[in-house]
1. Would you pick out the residues in segment 70-90 that are over 22 Å from the mean Cα position of the chain (by Cα), modelled with pLDDT of 80 or more and not aromatic (Phe, Trp, Tyr)?
2. Report yes if some residue within segment 49-67 is at pLDDT 85 or above, in contact with a Phe, Trp or Tyr (Cβ under 8 Å, 6 or more places away or on another chain) and within 30 Å of Thr166 (Cβ to Cβ); otherwise report no.
3. Taking Gly163 as the residue in question, decide whether it is more than 30 Å from Thr62 (Cβ to Cβ) and modelled with pLDDT under 80.
4. Looking only at segment 128-141, decide whether some residue is in a helix (DSSP H, G or I), modelled with pLDDT of 85 or more and under 13 Å from Ile251 (Cα atoms).
Amino acid sequence: MQFTDADLTSWVALYLWPLFRIAALISVAPIFGAQNVPIRIRVGLSLAITMVIAPALPPMPTVDPISSTGFIILMQQILIGLIMGFTLRLVFAAFVLAGQLIGQTMGLGFASMVDPQHGVQVPVVSQFYLILVTLLFLALNGHLILLEVLAGSFKSLPVGEHGITTHGLWSVVMWGGQVFSGAVLVSLPAMTALLVVNVAFGVMTRAAPQLNIFSIGFPVMIFLGLVIMLMSLPVLLPQLTYMVNDAFTLIQEQIITSK
């Protein structure tokens, strides 16, 4: 049995080009791309996903991987994977920002811990929201939907020299505003209630100046903040579902199908 250079190039391209797109997404996607996930796990997961979905993908371009055209295709696949993972990661960033807003309002902005998703210091309230949102995301099978969207992207946006257009890139930039609007929607009930408590403390200070409001204000604010967070937890699931659906819609309609 003899093999030609074209046969070897086609076999390499069958797994090489999808691997770069999948590995780029895994490196930045929520949960998969967390800082506490070892690099070996990410590489092994990328290889496993590639081996599973590659045989069912459309024909790959028979381009020499070490040529200039092959380098362009490689960069396009990396860019597509990074943008897909980054778009979904912004959803989790919205809840982290909401936790920071609530924590600063209730007086827990100084209490911070390491965020395993991003590897930075965040308030404990943000860490609480991040863990809760991660569990809800897994319960909603969001990780499986992400893999399904990834597999479908090879049909909507086949491997080639032409990748995401400027319209798709601009859609991702505009989607960044969802981080702030989503954070405000999540934190608005708690921040409004805590603002009313602060106004009440101000009225008490004016009515009874001899009352040492600082000795009782911080403990009361933290206690009421925790109670308000507990009462506002049912809002998280609808808001997470809306933002995740919006992110997947953006990926499918504006990014991987943009012409």
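The values are calculated or read from the model by the stated rules, or taken from the named source; none is laboratory data. Everything numeric here is computed off the predicted structure, so don't read it as measured data. Note that we place each Cβ from the backbone using ideal geometry, even for glycine, and neighbour counts take in every protein chain shown.
1. Ile72, Ile73, Leu74
2. Yes: one or more hits.
3. Answer is no for this residue.
4. no
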